[in-house]
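See below for the structure under consideration.
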Amino acid sequence: VEVPGARHVTRSGLVAALREVCPPDVAVTGPDGGPVPDVGAVHRRLADADLYLVANTSRHLRRVQVTPRTRPAAIEVWDARTGAVVRRVPAASIHLTLAPYEAALLVTRPEPAAYDETAGAEPAEPAAEVALGPWTAAIGDAGGVEVRLPHRWEATPGLERFCGTVTYAATFHLDQVPGLLLLDLGDCPPAPDEDPEQRGMRGRSYRAEVLPPVGEVAEVTVNGQRCQVVWAPPYVVDITAASREGANEVRVAVSGLAAHALADDPEVAGRAERANARYGQRFRMQELHLADHGVRSGLLAVPRLRARPATSQPA
């Protein structure tokens, strides 16, 4: 229907005009200012705060800017595991670097008085790298033997089918404890594409298509003090509080999957057959020859120790 005096606009022009009049509840943009399709955000409003869960659903690292429509006085980034405030930015938007499949929890409040005047800005990159090594590996109470990283069990004689925990240890020296000391276990590069018929995946399923630096879970201790358990990106642990001047020891206890034991168990098929004979066909047996397909166990990258001076420590 033609309306006298109406101005014709394109679809893209209409979208831009609507966004100008009514901005999105929360805008997630990339370095070029455009949308980032594989990073999503969910907003929940509480009585005294607004919560935003921002998730990177891709297998690639993403750098984004998040801008809530409410234009808050400041934005807090909370650690989803502990609830601790890891960053507090006195601005209406915030820059985030999200590792593959990483999510961030943002919290805003309507009143500016809720924010500390000394709250730091976005933290700078650590300024220095601390020498770390050599590395040893030990199983149980056995003495450690020196190993070269990356160290994959499946490629190590005697550990090809091992299921359990290997503890890696190294030493480092500090003239003084910095404001922030981070143990970076490594990046998560995208996994190479595979033939779908050879991937070990059948039907509806999910896989994080990255190559983690740890296979599969790592518990980090420094000088006997437990720091953190990591099992998903980013594989970075704050070890500042456990460090001291002089000599220090870091231990990374890596626990692998039980996939090799499952694939090697000759009784599994028999137990499944007996269960079917007694109770009827209640399930379809998995293809156990694919149970440990692509399993990578061990400390699969070379950890780095990075320091930042106390003067740049964020609140």
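Hey, for a label at His95 modelled as a point 7 Å past Cα toward Cβ, could you say which residues of region 33-64 have their backbone N under 16 Å away? 33-34, 62-64, by backbone N distance to the label point.
Solvent-accessible surface of protein heavy atoms, probed at 1.4 angstrom with all chains present, puts Glu273, Glu102, Glu219 in the order Glu273, Glu219, Glu102, largest first.
Ranked by the mean number of other Cβ atoms within 10 Å of their residues, highest first, the peptides 63-69, 129-135, 32-38 fall in the order 63-69, 129-135, 32-38.
Between region 26-85 and region 279-300, the C-alpha centres lie 36 angstrom from each other. Between the alpha-carbon centres of region 129-165 and region 221-254 there is a gap of 17 Å.
Determine the order of Arg226, Arg271 by accessible area, beginning with the largest, at a probe radius of 1.4 Å. Working shown, then result.
Details: Arg226 150, Arg271 115 Å².
Output order, biggest surface exposure first: Arg226, Arg271.
As a ratio to 2.2 N^0.38 Å, the alpha-carbon radius of gyration for region 14-73 is 1.21.
The values are calculated or read from the model by the stated rules, or taken from the named source; none is laboratory data. Computed from a predicted model, the values in this text were never measured in an experiment. We place every Cβ from the backbone using ideal geometry, glycine too, and count neighbours over all the protein chains shown. We work out accessible area using only protein heavy atoms, side chains counted, and drop any ligands, DNA or RNA first. Shrake-Rupley method; radii C 1.70, N 1.55, O 1.52, S 1.80 Å.
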